[in-house]
Amino acid sequence: MNDFLIIPTLLAETSNNQLTFSEIEVKMSLNQTLPELAKTYSAWWTKKEHSFSSAWTAYGYRVEKVDLVNQIVYFSKIKE
């Protein structure tokens, strides 16, 4: 699976719209992890100009909150 589609795929499988960093990394390709910036800067998740965020935005999600301490990203559905 393309690593950019992992997050929208996981969001489609969950009812609470939150994902842990480890849940995302487990689904990533072998030997791949989230970039260190994703683990230390909440802006990595909310920046609109990079390929990861465009992947979940294209599927109708946006980042609501990033909890770096507990390594959880909270998403919400974009209302149309």
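Restricting things to alpha carbons, find the Rg to Rh ratio for the chain using the Kirkwood radius for Rh.
Rg/Rh for the chain comes to 0.91.
Relative to the present Cα-Cα distance, how much length would full extension add between Thr40 and Met28 at 0.36 nm per residue of separation?
This chain segment gains 2.4 nm when fully extended.
Among Val63, Met28, Tyr41, flag the residue with its Cα farthest along the positive direction of the charge dipole of the chain, charges on Cβ as +1 for Lys/Arg and -1 for Asp/Glu.
After comparing all options, I get Val63.
Every read-out reported here was derived from the displayed coordinates using simple, explicitly stated rules and does not represent laboratory data. A quick note: this is a predicted structure, and the numbers were derived from the prediction, not measured. No Cβ is skipped: glycine too gets one built from the backbone with ideal geometry, and neighbour counts run over all protein chains shown.
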